[in-house]
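A.B. asks: One structure coming up, written as structure tokens, with questions to follow.
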Amino acid sequence: MRNPKTQQIAQLGLLTALALIASYIELLIPIPIGIPGIKLGLANLVIVWALYTMSAAEALAVNAVRILLVGFMFGSLSMILYSLAGAALSFLCMYLAKRSGSFSEMGVSMIGGVTHNVGQLIVAMLVLETMSLMYYGPVLLIAGLLTGFLIGVITHEVLKRIPVKSMFSVTRK
């Protein structure tokens, strides 16, 4: 008989690895629009999927570990700070939106994209001690909506096509 705790740890490790790979791929994709800070948010696909298929604590753990690993492997301490701020606000808002039952996967992901950018913008204004970055907000909000919608559509399709029970046969109590 399989140990459910071991399966759960393996599942979290696999999802963290997927999110890490998605983050790395995203670093390799140049977005030729000339606006710094705009990314596709490919790793958020894994996080939104985890939010719908796992407990909030597990999805949050995957997100936090992914951010720390990406920051240490490919970034810097400031990158970790900005990413953690955006991810914390984003995750909280996505969790609340999903829990409310009023939003689809696309809506939850769009909320995540927008609030991630808001969290990073707030940290940037605090670190740089200037409110002038607020002018950059509308661009980041539109980018968050567009990328969030794209990630939400993909997540919705993945959730439809990949039965959770066939991937991970962990029995929840």
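A.B. asks: Quick check on segment 7-30: of everything there that is polar (S, T, N, Q) and free of Cβ contacts under 8 Å to residues at least 60 places away in the same chain, which residue is farthest from Arg66 (Cα to Cα)?
C.D. replies: Among residues in segment 7-30 that are polar (S, T, N, Q) and free of Cβ contacts under 8 Å to residues at least 60 places away in the same chain, the one farthest from Arg66 (Cα to Cα) is Ser23.
A.B. asks: Does Tyr95 satisfy the criteria of being of a type in the set (Ser, Thr, Tyr) and at pLDDT 95 or above? I'd like the intermediate steps shown before the answer.
C.D. replies: Numbers: of a type in the set (Ser, Thr, Tyr): yes; at pLDDT 95 or above: yes.
Spelling it out, Tyr95 is indeed of a type in the set (Ser, Thr, Tyr) and at pLDDT 95 or above.
A.B. asks: For Gly86, only one of the following conditions fails: (1) surrounded by fewer than 23 Cβ atoms within 10 Å (Cβ to Cβ); (2) assigned to a helix (DSSP H, G or I); (3) not basic (Lys, Arg). What is its number?
C.D. replies: Answer for Gly86: the failing condition is (1).
A.B. asks: When segment 145-156 is examined, which residues are found to be within 19 Å of Lys39 (Cα to Cα) and in contact (Cβ under 8 Å) with a residue 40 or more places away in the chain? Reasoning before the result, please.
C.D. replies: Taking segment 145-156 first, the residues within 19 Å of Lys39 (Cα to Cα) are 145-155.
Within segment 145-156, Thr147, Gly148, Phe149, Leu150, Ile151, Gly152, Val153, Ile154, Thr155 meet the criteria.
A.B. asks: Still on this model: Give just the number: which of (1) buried (at least 20 other Cβ atoms within 10 Å of the Cβ); (2) within 16 Å of Ala22 (Cβ to Cβ) does Glu157 not satisfy?
C.D. replies: (1)
A.B. asks: Scan segment 59-116 for residues that are among the β-branched types (Val, Ile, Thr) and free of Cβ contacts under 8 Å to residues at least 24 places away in the same chain and jot them down.
C.D. replies: Those that are among the β-branched types (Val, Ile, Thr) and free of Cβ contacts under 8 Å to residues at least 24 places away in the same chain: Ile67, Ile80.
The values are calculated or read from the model by the stated rules, or taken from the named source; none is laboratory data. This structure is a prediction, so every number in the text was calculated from the model and none was measured. Backbone-built Cβ (ideal geometry, glycine too); neighbour counts: all protein chains shown.
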